[in-house]
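Before any comments, here is the structure.
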Amino acid sequence: MFRQKLPQEAADPLLGKPASFGIHRYLQGSSNLFEENRLLKFSIVGLFGITAVLVMALYSTSQNQRTIVIPFGASGDLYVTGGKPSSAYLRAMTRNIVALSGTYSALSADRQFQELLSIVHPTAYNGLRDSLNAVLDELANNPTLSIATYIRPDQPVTWTDRQILVPVEKIRVIGGVIRKFRGNLRIRYTIDAGRFWILSLTEEKFDAELR
């Protein structure tokens with residue numbers, strides 16, 4: 001009579017096989033698992049590499065992004081790239097700052113100083129406002145006082161990424177008396193989010209001559 005196979009015998013694929021067959025199956029399974037793990041590691045490393053490249057590309061794009069900022073209705077090649085303003089931009093800002101802060105009379109000073117304060121950094125606003133208010137008080141006491149300031153053509157304007165040094169000539173007229181001053185206006189500034197901000201305005205090495 002035929003003997004019915006037991007459930008254990010039907011379920012065991014190694015039943016009736018030599019011992020070497022089981023060892024071969026085990027080694028083959030381990031090898032496949034090792035290959036899968038190695039491929040997974042390569043995939044993870046590749047993913048990290050791609051992520052790093054994308055981050056660097058985004059950073060480079062951000063640093064090289066050009067922001068167009070036109071100060072006081074000026075025109076020309078005025079822009080800021082990666083927090084660094086163009087030479088034309090700095091020249092335009094310098095001319096306007098000198099005009100707003102250095103050429104005024106009792107009639108025009110208040111309006112000009114308000115415009116100047118609009119580009120003063122919040123951290124420096126109160127100090128510069130107080131200095132300009134002192135000038136307004138002087139004008140109130142001397143309504144005939146007028147000041148004219150010019151950038152000297154015989155001296156170069158120099159700048160760094162933090163400040164601009166402007167050789168200027170200032171003419172002060174009051175009561176028929178004209179006094180001429182020569183010195184430097186130092187403009188400390190910063191570029192924040194593509195915008196130019198004044199940090200301080202300082203007059204240096206001014207000498208006066210009675211005329």
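No lab work stands behind these numbers, since they all come straight from the coordinates. The structure displayed is predicted, hence computed values, not measured ones. Cβ placement follows ideal geometry from the backbone for every residue including glycine, while neighbour counts extend to all protein chains displayed.
I want the local charge near Ile97. Using Cβ-Cβ distances under 12 Å, sum +1 for each Lys or Arg and -1 for each Asp or Glu among the other residues.
With Lys, Arg at +1 and Asp, Glu at -1, the neighbours total +3.
For the pair Arg186 and Phe206, how long in nm is the line joining their label points, each one 7 Å along Cα→Cβ?
For the pair Arg186/Phe206, the computed spacing is 1.5 nm.
Given an 8 Å cut-off on Cα distances and at least 6 residues of separation, report the relative contact order of the stretch 163-204 as a percent.
35 percent
Can you tell me which of 174-182, 197-205 comes out highest on packing, and rank the rest after it, using the mean Cβ neighbours within 10 Å?
Working: 174-182: 11.8, 197-205: 15.1.
So the peptides 174-182, 197-205, ranked by packing, come out 197-205, 174-182.
Note down the nm distance, to one decimal, between modelled labels 7 Å out along Cα→Cβ at Asn126 and at Lys84.
Rounded to a tenth, the inter-label distance reads 3.6 nm.
Using every alpha carbon pair in the stretch 100-210, what percent of pairs falls into each 5 Å bin from 0 up to the bin containing the largest distance?
2, 11, 19, 22, 22, 14, 7, 2, 0, 0
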